[in-house]
1. What number of residues within the range 256-280 satisfy the criterion of being in contact (Cβ under 8 Å) with a residue 24 or more places away in the chain and over 25 Å from residue 94 (Cβ atoms)?
2. Considering each of 202, 161 in turn, give the residue that is in the same structural domain as residue 256 (by TED's automatic domain parsing) and out of contact with any Pro (no Cβ under 9 Å at 6 or more places or on another chain).
3. Among the candidates 180, 199, single out the residue that is at pLDDT below 95 and hydroxyl-bearing (Ser, Thr, Tyr).
4. Filter the range 194-225 for residues that are surrounded by fewer than 21 Cβ atoms within 10 Å (Cβ to Cβ) and among the charged types (D, E, K, R) and give the result.
5. Quick check, is residue 152 modelled with pLDDT under 95, among the hydroxyl-bearing types (Ser, Thr, Tyr) and in the same structural domain as residue 226 (by TED's automatic domain parsing)?
6. Looking only at the range 303-327, filter to residues that are over 16 Å from residue 282 (Cα atoms) and surrounded by 16 or more Cβ atoms within 10 Å (Cβ to Cβ); which one of those is modelled with the lowest pLDDT?
7. Kindly check whether there is at least one residue in the range 227-244 that is among the acidic types (Asp, Glu), part of a loop (DSSP other than H, G, I, E, B), in the same structural domain as residue 295 (by TED's automatic domain parsing) and surrounded by fewer than 20 Cβ atoms within 10 Å (Cβ to Cβ).
8. Out of the range 116-152, which residues are in contact (Cβ under 8 Å) with a residue 24 or more places away in the chain, surrounded by fewer than 18 Cβ atoms within 10 Å (Cβ to Cβ) and within 23 Å of the chain's Cα centre (by Cα)?
Amino acid sequence: MVPGNRSIYNRKGLVNGHRTRLRAEKPHGIDIITLITLGAILLLIVAIFTYVLFNGVSSPGTHQSQSPVKNSASASQGILASGAVDVHPVYATLDENIPFAIRFTFTGNASTTYRMGAWIYGGSTSVNYSQVWTNGNFSNTSAAWGWRNQSYYTYFVTNETGKFSHWLVMRSTGVAPLSTYDYVLRVRFYEWNGTNWNTLNTVEYKNSTGAFKLVNVTQPGSGNIETGGWIWGYVNSTTNVPLDNRVVVVKNSAGTVLGTTFTEINGVDEGYDAFGSGYYRVAVKEGSNYDVEVWYDMELRGSISGVSVTGTQGTHVDITADATFEGITALAIFAGLIPVVFYSTKRKTRKF
């Protein structure tokens with residue numbers, strides 16, 4: 001209601017001591033109840049769109065395109081089922097168990113169970129070079145989450161359009177690869193043919209191509225191991241609230257992803273919970289002019305540029321990032337108020 005207007009219908013008053021008779025007027029524009037209803041509907045539409053954007057089949061944000069060295073696929077019931085790695089870091093630590101994360105997307109038959117495995121291979125089949133954090137099926141079931149050796153596979157079920165995307169957290173076991181072997185980060189996808197699990201395709205990132213390298217962060221590297229350091233700090237919202245379970249990504253000036261991790265509290269047993277919500281630690285090679293970004297899945301929410309990392313040392317970088325839906329909610333509220341302001345200013349002044 002516009003201030004000063006007691007009613008949009010008949011009003012009574014005295015003019016020069018006489019009571020005047022006023023003509024009833026119909027309200028112009030839309031009444032306030034209708035406006036509130038329209039605003040609520042608009043907010044609901046935006047909320048539904050936002051949910052689909054962040055939880056739908058396709059990944060939000062822009063994918064980091066990284067070409068694998070090897071990618072062969074086989075047919076799956078008439079559909080060319082295969083998996084792709086959306087994001088992987090170039091660097092992972094050897095001498096300290098700082099986890100890193102990869103993200104993959106799989107396309108296959110609708111509502112079908114497949115499996116995948118990811119590991120570092122250093123030339124010997126008798127040792128484990130890496131571990132994955134999983135409960136076996138990427139779900140919040142009663143199955144226990146834990147660090148599993150590289151021979152452990154994780155199962156997943158595609159949605160009704162045959163898609164599945166997820167992050168997978170990994171770490172090195174500290175076992176150095178053979179000095180003469182071109183060690184590799186390997187991701188492999190499988191399908192069940194009724195009797196066995198057949199390989200669909202394999203994605204590999206090799207040391208020799210510079211696509212994947214191990215670093216020491218507590219001592220200088222040597223041979224095929226680089227010298228690295230780490231970046232640590234806290235991720236907070238614009239209102240200074242710690243943001244849990246956000247992806248932290250380190251890039252070089254060319255946009256290559258060098259390191260990845262998740263903020264606390266993230267459900268991963270890496271020993272960082274005691275540092276509190278929003279804490280992160282990510283390992284990279286020593287260098288300068290790095291960008292440190294915060295993502296919600298793959299949606300950029302905040303960043304800091306010009307970060308330098310010294311070998312075997314940590315660099316403290318705190319980051320401010322938008323909370324999920326924060327900007328979208330504010331925009332929706334603003335959009336919902338536009339009709340109220342518009343129709344309020346359009347109403348005609350009543351004559352007595």
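The values are calculated or read from the model by the stated rules, or taken from the named source; none is laboratory data. Keep in mind it's a predicted model, so treat the numbers as computed, not measured. So basically every Cβ, Gly included, is an ideal-geometry build from the backbone, and we count neighbours across all protein chains shown.
1. Matching residues across the range 256-280 total 3.
2. Values: 202 fails: out of contact with any Pro (no Cβ under 9 Å at 6 or more places or on another chain).
Every option except 161 fails the conditions.
3. Only one candidate passes the filter, namely 180.
4. Answer for the range 194-225, where residues must be surrounded by fewer than 21 Cβ atoms within 10 Å (Cβ to Cβ) and among the charged types (D, E, K, R): 204, 206.
5. yes
6. Per the stated criteria, the residue is 325.
7. Yes: one or more hits.
8. Within the range 116-152, 138, 145, 146 meet the criteria.
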